[in-house]
Amino acid sequence: MKFYFKTIVLLLLIAVVIASLFIFPFMYIFSVVILVLLVTFLYDIFQTKHTILRNYPVLGHLRYLLEGIGPELHQYFVENDTEGTPIDRNHRAYIYERAKLQNETHPFGTELNVEKENYKWMQHSIYPAKKLEQPPRVIIGNSSCKQPYNASLFNISAMSFGALSKNAVMALNLGAKAGNFFHDTGEGGISEYHLKGGDLVFEIGTGYFGCRTEDGNFDPDKFKEKAAYPEVKMIEIKISQGAKPGHGGVLPAVKNNEEIAKIRGVKPHTTVLSPPGHKTFNNAKGLLQFVQQLRELSNYKPVGFKLSIGSKDEFVEICEEMLHTGIKPDFITVDGAEGGTGAAPIDFSNYVGMPWEKALVFVVDTLKHFDLKKDIKIITATKIFTAFDIFKALCIGADICNSARGMMLALGCIQALKCDTNKCPTGITTNQSNLMRGLVVNDKWKRVKNYHHETLNDFLELFAAAGCTQLNELNRKMIYKQVNDEILSYEEIYS
């Protein structure tokens, strides 16, 4: 009875409003509003899909509206500066300020809780060294390589065209060109937007996009053609990535247009799932043979592989096979479970793969155990945003750092978390022309270059503060962590 009483009252109200039109013509606009509410009310009470709308007609829509803008409300009005996720406000501000060449200082002291468990800091010297004029660079390429590459300490991590818009890819590549650092193509293949003059790392994923046969197998001839591009400086075999190891990449159908499909060699407007593993190998020996095959097809450019650590025994087996076959990659890229992605199942993002710090330590120490580290450079990526992140990674044992989300933020990403919907409001992870137009390439590439340059400049200041003049002086004694109310160096934690 209560429900019908409300309906009768509403109908009577509408009747009164309509009748009043004959007396007060200006009431027309109000009658339209009431009519819309009535139609909504009737639809809500008779539909069967949404319980909230059925029980709370009209008002229930407010709940869905608030839910839709919930991430924005949380990001701008709820989260504090240091605890937001996936990337907190302070880190985002750090990147924006350097990309825009704005104020890079911070007033009134740290906002971090320095007594908090796992708080990390670096050792400085009371006798700081003179700051270097230019950041050191690292040569990648062992004795099997005929075209070694002189790499920056900080580069663009793997992000595919398709996952990113063409404007974003062009801006990243032009930034890499201007700043003299490399741009990893991601597993989506090489597009014309990658060929703006920046150095490239050609990533080969499990789908072999850009170098695949019609049935999805590896095509040596197509690879050889792409690897010969002068922009391609290194080749990276993607075994797995931290955000979804053992799963393979996902390109939603809504983002797979004709242009992207042609570059990848797939059907347009279909969801493209990269296989979880490679077809060309299924064991350690096969992986190393594939490394050698790509090395020969690329005329001996540096070749390496990227992985997220799962089974430690499998990586140990790869090292043992390196000694047995004599085939050593020129580099290994270590990704952590905290790595980012445009689209992944939530369980894979949350619960699969070894966290970055422990993964990097394990890979470095295992290579040293087998006396392989001297021949293999370590590239690492996973939440590398600041100069301290780079300093810490190099102290742990990495040679080079990459960043994906940091470079996206430099482009103007606002962490809207809509990468997989094709509705990115900043035009970075969408192919909708009305959204892409907001990303002006001629402006954004400068921000990528600025972020790279200013972050490495910050690194040189930390480097000098530590009293260092050579990269080989960095070690685990220089990084400390708060563990169970004790102060321990990384050398003590990871002896």
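Each reported figure results from applying straightforward, stated rules to the coordinates on display, with no laboratory input. Being a predicted model, the structure only gives us computed values, none of them experimental. FYI the Cβ positions are ideal-geometry reconstructions off the backbone, even for glycines, and counts take in every protein chain you see.
Just a few scattered comments:
- Computed label-point distance, nm, for sites LYS130 and ASN457 using a 7 Å Cα→Cβ extension: 2.0 nm
- Neighbour counting of Cβ atoms within 10 Å sorts the residues ASP365, ASP215, fewest neighbours leading, into ASP215, ASP365.
- ARG92, ARG137 arranged by Cβ crowding within 10 Å, fewest neighbours leading: ARG137, ARG92
- The range 450-495: C-alpha gyration tensor shape, a/c 1.5 cut-off, then a/b vs b/c: prolate
- Rounded Å value of the spacing that divides the Cα centres of the range 375-442 and the range 135-175: 13 Å
- Approximating the spin labels as points 7 Å out from Cα along Cα→Cβ, the ILE45-to-TYR300 distance works out to 8.3 nm.
- Stokes-Einstein D (µm²/s) once Rh is taken as the Kirkwood radius of the range 94-200 over alpha-carbon pairs, at 4 °C in 1.567 mPa s: 74 µm²/s
- Between the Cα long axis of helix 89-99 and the first principal axis of the chain there is an angle of about 70°, rounded to the nearest 10.
- Stretch gain in nm, segment LEU112-THR213, where the contour uses 0.36 nm per residue and the Cα spacing is subtracted: 31.1 nm
- Beta bridge orientation in the range 138-493: antiparallel %, DSSP, nearest 5: 25 percent
- 0 to 90° range, to nearest 10: angle between helix 166-179 axis and the chain longest Cα axis: 40 degrees
- Label point of LYS477 set 7 angstrom out along Cα-Cβ; within the range 95-129, amide nitrogens under 18 Å from it belong to 121-129.
- Computed over the alpha-carbon atoms, the chain gives an Rg to Rh ratio of 1.08, Rh here being the Kirkwood radius from the mean inverse distance.
- Residue pairs exceeding 21 angstrom between C-alpha atoms, taken from LYS131/LYS392; LYS166/LYS418; LYS328/LYS449; LYS222/LYS262; LYS312/LYS368: LYS328/LYS449.
- The angle between the Cα long axis of helix 387-396 and the main principal axis of the chain comes to about 50°, on a 0 to 90 degree scale.
- Among VAL114, VAL303, VAL250, VAL364, the ranking by other beta carbons within 10 Å of each residue's beta carbon, starting with the fewest, stands as VAL114, VAL250, VAL364, VAL303.
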